[in-house]
Structure formats: structure tokens, C-alpha cells
Amino acid sequence: MKKAIIVTNVTKTDEKFTEQVNLFIHEARELGVKLIQLRGDEVLPFVEQNGKHILFCLFWDKDIYLCKEVEMHGIPTFNSSKSIAMCDDKAYTYLALKYAGVLQPKTEVLPITFGRNIASYMEEIKGMVERIGFPMVVKSRRGSFGEQVFLAESATDLTSIFSRIGTDDLLIQEYIGVHPGEDFRVNILGNKFAVGVRRYNPDDFRSNVNQGGKMYKAYIPRKMRKVAIQATKAVGAHFAGVDVVLGRLGKPYVIEVNSNMRTVAVEDATRYRLAMKIMKYMIKTAKRERKIIKLRVKAKEFI
């Protein structure tokens, strides 16, 4: 039986995370691949001993250093360290989408403050705040599941939010509030549309399931599929869950690109075996990706 690895973070042991990992392991087994789960602390010793026999690595963590180490052992990772880095930092995502011409809300990346609270620098960032206007969304540059995402409807709200999270690296973004509490998760695989869902939360502007949102099977129109594919290409991902909101006249705005998107809730809503499709894709493309990585390692190119 062929062998592959799935890398998980040492802190991630909750039921939802475990359910997702077990689904990948089950789907891999059905396709004749033994997918071995390794915590971050277990990866390098295993790779050093077994690297030649590992078909691919499903990197289900955000430790960019560790992902690069795996790649430099000649093992293809899905997604790549570069793609994960671009998706993990929302400012980096914004920049990638901006230069790819992908439609997204107006965004200002606030200055980093080296641990000081940016609430002390309101005068300095006044112009940035004015360019976005209220209401606005405040986001930590790193964060998942809708956590560290806030809606500021006034300067007072903004100051209050900063007092709580203002030591983080932040960005502020135009609030596309045409359909409050609603967005679409558009899943892209191999630069093609796979499956999409509508997420809706009547009690919060955040539609995330972890914030109380519900997920429904949905028809995803061509314009939305196109912008999601463009966004996935912009961050160089093999697969991604692209979050899209609809603005005026039905314009699709990309608000986030997720390189490590959960598939369980999507599959429950749609009965589409997304994890299986991802597994088939990795098996099919692993040999090609291994050749590419080996050439880059041989050329001493820092991956």
C-alpha cells in the first residue's frame, strides 16, 4: 500500500478537527493509500527516515517553516508552504488578490505596532480609516473560523475594538452589507469549481459555522465561480475554500481564501465527497509535483 502523511498541529485535538483528519484518512484508505497522521513534533524524524517512500504530504497545519522543511526533503505538499503563507496572513492574501485583479472590498493594512496598542495611534491612521469609512470590518491578519473579526459601525466602536485586539497586526476593510450574515463558500480544486454552499447567520454579520451560521447547498453562478478560481490561482493553491459575498447588482467580492478548508460541513450540506475528490487529486498529481520539487531542490532554490 502506498504511504502518505497528514501533518497536524500539536494543539489541535478537538472533536471537529479530529473528525476532519479521520475523514481524510478514511478516503485515502479507500483509494489504496495509507495516510499517516503526524504531529508537528513527529514530522522531521519520520521524513528523514522514510522520505523516499512518502507519496505526498497533506499539510493540515500552518507552520510555514515545517512545511518548507518537508518540501526541501523532496516531498510534494498540498498546499505548498507559499500558498499556506499567503492564505494565513490576510494582508498577504489581499496583496495577492489585488495584483491579480480579483474583486475584493476596499482594504487598508494597518501599520504593525510591535506589541503596542494601535488605539494610541488613532491620529496617525486617521487617513486610512477615512478611506474605508463606516461601517467597516476589523480583522486580525491571522485567525480562522471568524474569530478576531469585528464590525465597527462608528469611531467609538473602532476604538473599543482596538482596545481589545489592538496589539495584533490588523487590517480594516469595507463592509459589504447588502446581504448581512450571508456569504458563499466556493470550493476550488485543480483550478476548477468543485462544490459550493451558502452560509447564513441571522444573528451575526459573520456567517461562519463556528459563529452560529448554517450551511446550505447552493447553486454557484458563473461569475462567482470565475472570481473564486482567480483567487485560488492568485495564491497558487491546489485547492481552496474561497469566501465570497454579493454586493450591489450581484457583484461577487472575495473576502477570504482558505488553504486548509474544512470539508465535513460542506459534505453534510451537499453530499458531495469533497475530501475524496481532494485525495484523488493529490494522488494523481503527486508524481508531477515531486519532479518539480526535486528540480528546485537540486537547483538550491529556496522553496
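The values are calculated or read from the model by the stated rules, or taken from the named source; none is laboratory data. Note that the structure is a prediction, hence the values are computed from the model and not measured. Don't worry about glycine lacking a Cβ; one is built from the backbone with ideal geometry, like all the others, and counts go over all protein chains shown. Protein only, heavy atoms only, side chains kept; ligands, DNA and RNA dropped before computing areas. Shrake-Rupley method; radii C 1.70, N 1.55, O 1.52, S 1.80 Å.
Our note on the geometry: Cα centres of region 248-293 and region 44-83, 19 Å apart.
Counting only protein heavy atoms, what percent of the accessible surface of region 13-88 is carbon or sulfur at a 1.4 Å probe? Answer for region 13-88 is 52 percent, counting heavy atoms of protein chains only. For the chain, a Kirkwood radius taken over Cα pairs fed into Stokes-Einstein (4 °C, viscosity 1.567 mPa s) yields D = 64 µm²/s.
Magnitude of the charge dipole for region 147-299, about its Cα centre and with charges confined to Cβ atoms of Lys, Arg (+1) and Asp, Glu (-1), is about 1760 debye. Between Asn50 and Thr11, the contour length at 0.36 nm per residue exceeds the alpha carbon distance by 11.6 nm.
Summed over the residues of the chain and divided among them, the accessible surface reaches 50 Å² per residue at a probe radius of 1.4 Å. Taking every lysine pair in region 137-292 that is 8 or more places apart or spans two chains, those with Cα atoms closer than 14 Å amount to 6. Of all DSSP-defined beta bridges confined to region 1-151, some 20% are antiparallel rather than parallel. Of the residues Thr232, Thr167, the one with the largest accessible area comes first in the ranking Thr167, Thr232, computed with a 1.4 Å probe on protein heavy atoms. The packing ranking of peptides 255-262, 128-135, highest mean first, is 255-262, 128-135, where packing means the average number of other beta carbon atoms within 10 angstrom of each residue.
Multiplying the residue separation of Lys3 and Thr159 by 0.36 nm and removing their Cα-Cα distance gives an extension gain of 51.0 nm. Split the accessible area of region 207-274 by element, probe 1.4 Å, and carbon with sulfur accounts for 49%.
The helix-only estimate of mean residue ellipticity at 222 nm for the chain, built from DSSP H runs of length n ≥ 4 each weighted as -39500 (n - 2.57), is -12000 deg cm²/dmol after division by the residue total. Kindly work out what percent of the DSSP beta bridges joining two residues of the chain are antiparallel, to the nearest 5. So the antiparallel bridges in the chain amount to around 70 percent.
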